[in-house]
1. For the peptides 53-60, 22-29, what is the packing order when you average, over each peptide's residues, the other Cβ atoms within 10 Å and list the highest mean first?
2. Give me the number: length gained by fully extending Ala104 to Arg91, i.e. 0.36 nm times residue separation minus the C-alpha to C-alpha distance, one decimal in nm.
3. For the pair Asp251 and Val39, what calculated FRET efficiency results from E = 1/(1 + (r/R0)^6), where r is the Cβ-Cβ distance and R0 = 51 Å, to the nearest 0.05?
4. When the helices in the chain are scored as -39500 (n - 2.57) per DSSP H run of 4 or longer and the sum is shared across all residues, what 222 nm value do you end up with, to the nearest 500 deg cm²/dmol?
5. Find the eigenvalues of the gyration tensor of the Cα atoms of the chain, then list the square roots of 5 times those eigenvalues as equivalent ellipsoid semi-axes, largest first, in whole angstrom.
6. Could you grab the relative contact order for the chain? Cα pairs under 8 Å, six or more apart, rounded to a whole percent.
7. By how many nm would the segment from Phe265 to Tyr162 lengthen if fully extended, with 0.36 nm per residue of separation less the alpha-carbon distance?
8. How much length is gained on full extension from Lys2 to Ala188, taking 0.36 nm per residue of separation minus their Cα-Cα distance?
Amino acid sequence: MKPLEGIRVLEVAMYGFVPSAGAVLVEWGADVVKVEHAVTGDPQRGLRQTGMLRVEGDPNPNIEHANRGKRSLGLDMSVAEGKEVLYELARRSDVFLTSFLPGARQKFGIDVDDIRAVNPKIIYARGSALGPRGAESVKGGYDMTAFWCRAGTAATITPMGYDGMINPPGPAYGDTISGTNLAGGIAAALLKRERSGEPSVVDVSLLGSGVWSLGHTVALTNHLGQIMQGPPPGIHGSPVNPLVGVYPTSDGRHMSLVMMQPGKFWADVCVRHEASEVEWR
């Protein structure tokens, strides 16, 4: 038995971040119903070009990655009939999951008070770019803008002297990490409701997830009053410990070393690489 079997989730979300939370809940056993635009569906369905990679035909991993295992419903939430269908689904659900901005939630009648009016015990979970508080809470954003750039990852890994900023390693990188955080928050809210009877409002943002991912760096640089940047190109190891780093090999691959106690492992490394201490660089 999976941990969330019997849990029903109603998802009104699009693109990568919040739908990826729904995908995690599916993996944990939840029954997720995704509500999409009645005509066009989730805009992610139209995404075919990602960087240098293009998908022709179906299946399309750009939509499947964050939506696998869900049931889908095309619904016009702007009309009374569509709204009543939505509310009926909410009555039967344990979790309401959305990526809509505050203005859109109010426009379509899917804000916290609207959904709680038909189901007082429902857990209300929302993902945003910049969080639920402050003047910027009404602004949208994507993983590239809010998670990767604004939270600081791009600046932190970009080598000194590099013109520009390093891009993410692939599509939906921050979306997928943030979606996993949101799924974890929902799981905790379900446990809280089971124990106390109290439903929660769960908020996770791309910015918050990005900063949390850099939490160790934030603590360290604040403590020291220094910045952290990626090393210049060609520098492979730690400046104080050559047994931590990524090194190119003679066959065109790379070797990652993580030996946090160099004194303990140095002699053995030299023996295994048939090198003397003088020869090892």
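Read the figures in this text as sums done on the coordinates, not as results from a lab. A quick note: this is a predicted structure, and the numbers were derived from the prediction, not measured. Cβ placement follows ideal geometry from the backbone for every residue including glycine, while neighbour counts extend to all protein chains displayed.
1. Most protected by this proxy first, the peptides run 22-29, 53-60.
2. Between Ala104 and Arg91, full extension yields an extra 2.6 nm.
3. Computed FRET efficiency for Val39 and Asp251: 0.45.
4. -10500 deg cm²/dmol
5. Each semi-axis is √(5λ); the values are 44, 21, 19 Å.
6. About 17 percent, as a whole number.
7. Taking 0.36 nm per residue and subtracting the Cα distance, the gain is 33.7 nm.
8. Contour length minus the Cα-Cα distance gives 65.4 nm.
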